[in-house]
Amino acid sequence: MKNITLENRISKEKEKIDNVLISYRVDKSKIVPILQDIQAEFGFLPEGVLRYISKQLNIPLSQIYSISTFYRAFSLKPRGKHLVTVCLGTACHVKGGQKIVEIIQNTFNIKPGETTNDGLLTLETVNCLGACALGPIVILDGIYHGHVTLSKLNFLLKDISNENRK
């Protein structure tokens, strides 16, 4: 029974991948948007999926990994349900960006680049978001929040912290 379930899951995943490839007419020049859609579907870029794409598009796996690791938007490991990105560029750092990172680290017991054990949250840092006048900036689940103070950070993280306690 387990094999049937595993086979069904693999078949469904393969179908999802094939649908993405077909939507781009199996065009290897569309590799970046293909990878974006795959990541949106799976939450990250699983190795087996990258191998499959490599074969289907006739692109060397090393080239796909090169693209996947060059762009910061891609992840080769699962991310949490919530993604928190903190800018640590000079302006954000001076305005308290590092303190924000430390609070998130202490609250969720993770370091930048890590995901909580329960898969609830991933913490990332970036060197610059290009909006220095709004610093410090926190991106929570794709939404930019500028001029983040400690109280604003607590407000942003409140719902996630409550999920963590459940």
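The values are calculated or read from the model by the stated rules, or taken from the named source; none is laboratory data. Everything quoted here is computed from the prediction, not taken from an experiment. Note: ideal-geometry Cβ built from the backbone for every residue, glycine included; neighbour counts use all protein chains shown. These accessible areas exclude ligands, DNA and RNA; they are computed on the full protein's heavy atoms, side chains included. Shrake-Rupley method; radii C 1.70, N 1.55, O 1.52, S 1.80 Å.
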Q: Take the solvent-accessible surface of the protein heavy atoms, probe 1.4 Å, and return the percent of it on the chain that carbon and sulfur atoms account for.
A: 53
**Q.** Sites matching trypsin sites (Lys or Arg not before Pro) across segment 23-66 that sit in DSSP coil, with at most 10 neighbouring C-beta atoms within 10 Å
**A.** Arg25
Q. Could you give the length gained on full extension between Tyr65 and Lys28, defined as 0.36 nm per residue of separation minus the Cα-Cα distance, in nm?
A. 11.9 nm
Q.
What is the sum of charges, Lys and Arg at +1 and Asp and Glu at -1, for the other residues whose Cβ falls under 13 Å from the Cβ of Ile31?
A. +1
Q. Roughly how big is the chain's charge dipole about its Cα centre, with Cβ charges of +1 (Lys, Arg) and -1 (Asp, Glu), in debye to the nearest 20?
A. 60
**Q.** Within the chain, helix-based [θ] at 222 nm, where runs of 4 or more DSSP H residues each add -39,500 (n - 2.57), nearest 500
**A.** -16500 deg cm²/dmol
Q.
Output needed: Cys residues of the chain lacking any neighbouring Cys C-beta below 4.7 Å, sorted by number.
A. Cys128, Cys132
Q | Prolate/oblate/rounded call for segment 1-148, Cα gyration tensor, a/c under 1.5 rounded | A | prolate
Q. So in the chain, what percent of DSSP beta bridges are antiparallel if you round to the nearest 5?
A. 55
